[in-house]
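The next block holds one structure in the form of structure tokens; read it before the comments.
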2 protein chains.
Amino acid sequence: MADATEGETAQLPLHQRIRAEIEGKILSGEWPPGYRIPFEHELTAHYGCARMTVNKVIAALAGAGLIERRRRAGSFVAQPRLQSAVLEIPDIQQEVAGRGETYGYELIGRRRRPAGEDDPAVFTGQEVLELRCLHRANGRPLALEERLISLASVPEAAEVDFAATPPGSWLLHHVPWTEAEHRISALAASTKVAAILEVAKGAACLSLERRTWRATETVTAVRQIFRGDLYHLVARFSPQG
Amino acid sequence: MADATEGETAQLPLHQRIRAEIEGKILSGEWPPGYRIPFEHELTAHYGCARMTVNKVIAALAGAGLIERRRRAGSFVAQPRLQSAVLEIPDIQQEVAGRGETYGYELIGRRRRPAGEDDPAVFTGQEVLELRCLHRANGRPLALEERLISLASVPEAAEVDFAATPPGSWLLHHVPWTEAEHRISALAASTKVAAILEVAKGAACLSLERRTWRATETVTAVRQIFRGDLYHLVARFSPQG
DNA sequence: CGCCCGATTATGCATAGACATAATGTCGCG
DNA sequence: CGCGACATTATGTCTATGCATAATCGGGCG
């Protein structure tokens with residue numbers, strides 16, 4: 001195979017090496033929160049490089065939230081953030097396929113109608129596309145999806161054949177968005193939901209509600225109800241971001 | 001002194017203005033995914049600044065994932081990422097207080113024991129502190145917490161009076177961590193859990209399991225079971241980071 | 001003794017130039 | 001006509017330097 005990486009230091013660009021070393025000291029705890037890291041001119045001397053080089057590194061670390069900078073005082077290791085995690089919510093289709101199971105999709109209902117009183121207030125006055133569909137894994141019902149798409153924001157959606165394409169996948173690839181909000185909760189299956197998901201009435205389900213904006217207009221609102229016995233969300237986090 | 005900033009536009013640093021303008025074009029859709037943004041030398045000419053200045057901006061945007069750079073070819077607006085959200089999981093105590101309700105805490109059980117077969121495999125051979133406690137909001141049971149703390153990693157925990165301090169708060173402030181994993185699921189209350197949370201057996205609950213590492217050693221593993229009718233998680237996301 | 005004012009100093013921002021690297025396109029040769 | 005060598009070009013990295021800004025420290029004055 002290719003070159004064995006040089007014993008001492010890699011042929012990494014210098015700024016990556018500097019960044020890695022500083023990150024290492026912080027993450028290992030050698031430089032605890034509140035610790036004043038060496039001044040730029042000290043790092044400059046230590047690495048034998050120009051101040052701009054270490055400056056860019058520290059600025060990047062500050063941008064990532066690992067370091068806080070105070071003029072004249074120095075740069076300090078930031079306090080660990082409040083608990084926050086990066087929650088990956090992949091396409092159901094991809095996720096099922098990724099687990100090696102066969103994905104099934106079924107469009108249950110499709111209506112084009114003006115938004116009514118039961119809909120989220122952001123849609124009032126607009127025309128929406130209402131979709132209900134079912135996701136299956138290995139043939140078993142996995143999740144019921146109820147979705148509203150704003151036709152004012154996404155007129156193209158009216159033409160799409162959602163009997164063949166899950167709306168989540170389509171939207172993900174066709175509509176840019178700038179913000180989203182998720183609401184995750186547990187609920188008991190209603191009679192209707194229980195029938196569709198093929199579980200007992202009252203069975204625990206995981207509900208994922210998502211609302212997606214583009215700039216200030218709501219693009220879509222979706223509620224996915226997963227069978228609690230077949231699904232869970234996983235979120236991973238490491239503080240370096 | 002009040003130097004007359006020439007235009008009306010900026011007392012912003014130039015690089016922030018450049019960044020804001022580019023981000024704006026991307027987020028507004030004016031520069032769609034795949035669009036080749038102007039070359040550095042064009043931006044240099046447009047803003048009348050040095051190349052390093054626009055270079056730093058574009059490098060930062062690339063670091064944030066908004067832009068992909070290809071040598072010789074140019075810089076391109078990145079495809080929208082897979083769905084991912086920043087999930088804030090605050091201290092239960094803080095969150096209850098933040099909603100204006102009164103927080104209550106109760107230690108149900110505390111045992112110091114060697115890890116057994118029912119515990120996560122990472123603890124085997126270690127001594128652990130096992131805690132069970134109940135969080136209340138306005139007097140009503142909100143969440144049952146079952147926690148294991150590795151005494152090998154956190155020997156100080158043996159001395160703490162967890163009858164007064166919720167273990168989550170204490171750990172958050174005393175033990176740095178480098179990585180965490182969450183598992184979010186819905187489950188039906190068992191007889192025991194139902195009795196503690198004062199709900200019917202089988203009621204839908206939201207389960208949040210978290211395992212926290214420091215470097216490679218597991219610090220703590222916790223499972224919080226929330227009453228589904230009283231609690232949900234909220235996650236917000238905007239792609240610019 | 002306390003408070004304000006200036007000198008010091010670390011970071012913040014920007015410049016102009018240099019060389020390295022990698023991908024693209026083109027030209028010329030077989 | 002196909003293909004490899006080479007020139008072109010945009011980004012990647014780094015340097016050396018300058019001035020701006022803000023916080024801190026120390027000293028002098030009321």
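If you go through region B:46-63 and keep only what is within 11 Å of DNA strand C (Cβ to nearest atom) and either without any contact (Cβ under 8 Å) to a residue 12 or more places away in the chain or on the phi > 0 side of the Ramachandran plot (or both), you end up with B:GLY48, B:ALA50, B:ARG51, B:MET52. Inside region B:171-230, residues that are in contact with a strand residue (DSSP E or B) (Cβ under 6 Å, 6 or more places away or on another chain) and within 7 Å of another protein chain (Cβ to nearest Cβ) make up a count of 16. Every condition in (1) within 13 Å of DNA strand D (Cβ to nearest atom); (2) surrounded by fewer than 13 Cβ atoms within 10 Å (Cβ to Cβ); (3) closer than 25 Å to B:SER169 by Cα is met by A:GLY34 except one, and the failing one is (1). Residues that are within 14 Å of chain B (Cβ to nearest Cβ), more than 12 Å from DNA strand D (Cβ to nearest atom) and of a type in the set (D, E, K, R) within region A:7-31 comprise A:GLU23, A:LYS25, A:GLU30, listed in sequence order. A count restricted to region B:154-189 and to residues that are surrounded by 21 or more Cβ atoms within 10 Å (Cβ to Cβ) and in contact (Cβ under 8 Å) with a residue 60 or more places away in the chain stands at 3. Quick check, is A:ILE18 surrounded by 12 or more Cβ atoms within 10 Å (Cβ to Cβ), within 16 Å of DNA strand C (Cβ to nearest atom), in a helix (DSSP H, G or I) and at pLDDT below 85? It is false that A:ILE18 is surrounded by 12 or more Cβ atoms within 10 Å (Cβ to Cβ), within 16 Å of DNA strand C (Cβ to nearest atom), in a helix (DSSP H, G or I) and at pLDDT below 85.
When A:THR212 is tested against the conditions (1) touching a Pro at 6+ places or on another chain (Cβ under 9 Å); (2) without any contact (Cβ under 8 Å) to a residue 60 or more places away in the chain; (3) part of a strand (DSSP E or B), the lone failure is (1).
The values are calculated or read from the model by the stated rules, or taken from the named source; none is laboratory data. The model shown is predicted, which means the values in this text are computed figures rather than measured ones. For neighbour counting, all protein chains shown are included, and Cβ atoms are generated from backbone atoms with ideal geometry for every residue, glycine included.
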